[in-house]
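Undergrad: Take this structure first; my questions come after.
Laboratory data are not the source of any read-out in this text; all were calculated from the coordinates shown. What you see is a predicted model, and the numbers here were worked out from it, not measured in a lab. Here Cβ is always computed from backbone atoms with ideal geometry, including for glycine, and neighbour counts include all displayed protein chains.
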Amino acid sequence: SQQGEEDPQALSIQEGENATMNCSYKTSINNLQWYRQNSGRGLVHLILIRSNEREKHSGRLRVTLDTSKKSSSLLITASRAADTASYFCATDARQYAGGTSYGKLTFGQGTILTVHP
Amino acid sequence: DSGVTQTPKHLITATGQRVTLRCSPRSGDLSVYWYQQSLDQGLQFLIQYYNGEERAKGNILERFSAQQFPDLHSELNLSSLELGDSALYFCASSFRTSGDTQYFGPGTRLTVL
């Protein structure tokens, strides 16, 4: 089952505009990670934010995390046509089995971002 | 380039057949994860290995199995293939068992005809 729900499902903007994608999840998490996927290719890791962090920046990316609302957002500023891709949030809810931890990621359905030149 | 390699990139086979997908983790990473991406199910966790031992199972069918070898590379074996097994299969790796960034390989696209 998908823990994360992303909103919107699709986003179409012009180059230079900002893009905001939201992710909600259901259980307590250890961290939340954002990935980008270009047209059926591999997943590229963008940023990891831990449960005790509220905001993180990486270049043109800004991620926020609100654990009380179980939600996160990814902001891409000054978007470029090359940012066109699907963006996924994935939650790492530290889990234990037999006394040892494991860290599967649970992915949302993703947001398809299209940036028009 | 994430440092995770997967072979083959594409695989086309027939129903009932068996295939093996291979993954080499990033240098130094001890955990290997397998995920399946399909149009109807999205990205789903299949199984995790850590330093040669199975650590967790997700939505992995009994027809599927995996192992991690002493050199830490991993193989995912899919048998008695069905049309619905057509998907992108990703391998990811991390240093610890949980809490770390997972770096994904380029994936193997499996088409079952």
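Undergrad: Comparing A:Ser68, A:Ser58, A:Ser86, which has the greatest mean-square fluctuation in the GNM of chain A with Cα pairs linked when under 10 Å apart?
TA: A:Ser68
Undergrad: Now, a different point. Mind checking which of B:Glu82, B:Glu54, B:Glu62 has the largest fluctuation in a GNM of chain B, springs on alpha carbons under 10 Å?
TA: Ranking B:Glu82, B:Glu54, B:Glu62 by mean-square fluctuation puts B:Glu62 first.
Undergrad: Between B:Thr101 and B:Thr7, with labels modelled 7 Å along Cα→Cβ, what's the label distance in nm to one decimal, could you check?
TA: It works out to 2.7 nm between the two label points.
Undergrad: Looking only at other chains, what is the average number of their beta-carbon atoms within 10 angstrom of each beta-carbon in A:47-56?
TA: Mean shielding by partner chains, rounded to a whole number: 1.
Undergrad: Under 18 Å from the 7 Å Cα→Cβ point of A:Thr67, by amide nitrogen: which residues of the stretch B:83-109?
TA: Output list for this probe position: B:98-101.
Undergrad: Per residue of B:55-63, count partner chain C-beta atoms within 10 Å of its C-beta, then hand back the mean as an integer.
TA: Counting Cβ atoms of other protein chains within 10 Å of each residue's Cβ and averaging gives 3.
Undergrad: Residue by residue through the stretch B:58-63, which ³J(HN,Hα) values in whole Hz follow from phi under the Karplus form 6.51 cos²θ - 1.76 cosθ + 1.60 (θ = phi - 60°), with glycine and proline marked x?
TA: In residue order, the calculated couplings are x, 7, 9, 6, 5, 6 Hz.
Undergrad: Give me the inter-chain shielding for B:95-107: mean count of other chain Cβ atoms within 10 Å, whole number please.
TA: 6
Undergrad: May I ask you to evaluate 6.51 cos²θ - 1.76 cosθ + 1.60, the Karplus curve with θ = phi - 60°, for each residue of the stretch A:16-31 and list the ³J(HN,Hα) values in order in whole Hz, giving x for glycine and proline?
TA: Per-residue couplings from phi come out as x, 7, 8, 10, 10, 10, 10, 9, 10, 9, 10, 10, 5, 10, 8, 7 Hz.
Undergrad: Can you compute the FRET efficiency between A:Thr77 and B:Asn51 using 1/(1 + (r/R0)^6), with r the Cβ-Cβ distance and R0 = 41 Å? Round to the nearest 0.05.
TA: FRET efficiency, A:Thr77 to B:Asn51: 0.50.
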